[in-house]
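Here is the structure we will look at.
The values are calculated or read from the model by the stated rules, or taken from the named source; none is laboratory data. Predicted, not measured: the structure shown is a model, and the values here were computed from it. Neighbour counts run over all protein chains shown; Cβ positions are idealised from the backbone, glycine included. We work out accessible area using only protein heavy atoms, side chains counted, and drop any ligands, DNA or RNA first. Shrake-Rupley method; radii C 1.70, N 1.55, O 1.52, S 1.80 Å.
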Amino acid sequence: MGVLKSYTGKKVLIRPQGFLDSQNASLIITPQDINNFINRKIKYVSIDFGKIISVNISGMRFLNDIFERLYKNNIECAIFSANKQIVDIALRIKNRYFNIYENEEVEKLFTSEEIITKDIYICCIKFNNF
């Protein structure tokens, strides 16, 4: 399994490719990576599932266990661009420690550093019926 990791501020974007099972899940985020995330004060870890061919339930559970360790260190986790099979498997996991986003653009809306430092304003307009 090939894995590319890129750091942008307080966010890590991981792009694995191949088949994800319990043996390969440990290659996506290693114990050294977790220590590095904590030391760098990372806030978000996002994994692009666009090049993941297939996943089994044990691989997703193992990855969820890694996400739980990150969650306990105040690091939010997410996956995006997952196919229907992967999403179905992920939704079967109880006590999920990650979010699922449709694509990278949607993921960026919720994991951008700008959301952390800037206020969000919502404008609602009520129209009267004529």
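For the reader, a short list of remarks on this structure follows.
- A single member of 66, 52 is in contact (Cβ under 8 Å) with a residue 24 or more places away in the chain and either closer than 14 Å to residue 19 by Cα or among the charged types (D, E, K, R) (or both), and it is 52.
- Selection count where residues are closer than 20 Å to residue 23 by Cα and either assigned to a helix (DSSP H, G or I) or small (Gly, Ala, Ser) (or both), scope region 88-116: 2
- Considering only residues in region 71-87 that are part of a loop (DSSP other than H, G, I, E, B) and in contact (Cβ under 8 Å) with a residue 24 or more places away in the chain, the one that is least open to solvent (accessible area, probe 1.4 Å) turns out to be 75.
- Among the residues of region 45-70, the one identified as open to solvent by 80 Å² or more (accessible area, probe 1.4 Å) and part of a strand (DSSP E or B) is 53.
- Matching residues, region 1-44, being open to solvent by less than 50 Å² (accessible area, probe 1.4 Å), assigned to a strand (DSSP E or B) and either out of contact with any Ser or Thr (no Cβ under 9 Å at 6 or more places or on another chain) or more than 19 Å from residue 73 (Cβ to Cβ) (or both): 2, 3, 16, 18, 20
- Any hit, region 24-47, residues being in contact with a helix residue (DSSP H, G or I) (Cβ under 6 Å, 6 or more places away or on another chain), farther than 22 Å from residue 108 by Cα, in contact (Cβ under 8 Å) with a residue 24 or more places away in the chain and not acidic (Asp, Glu): yes
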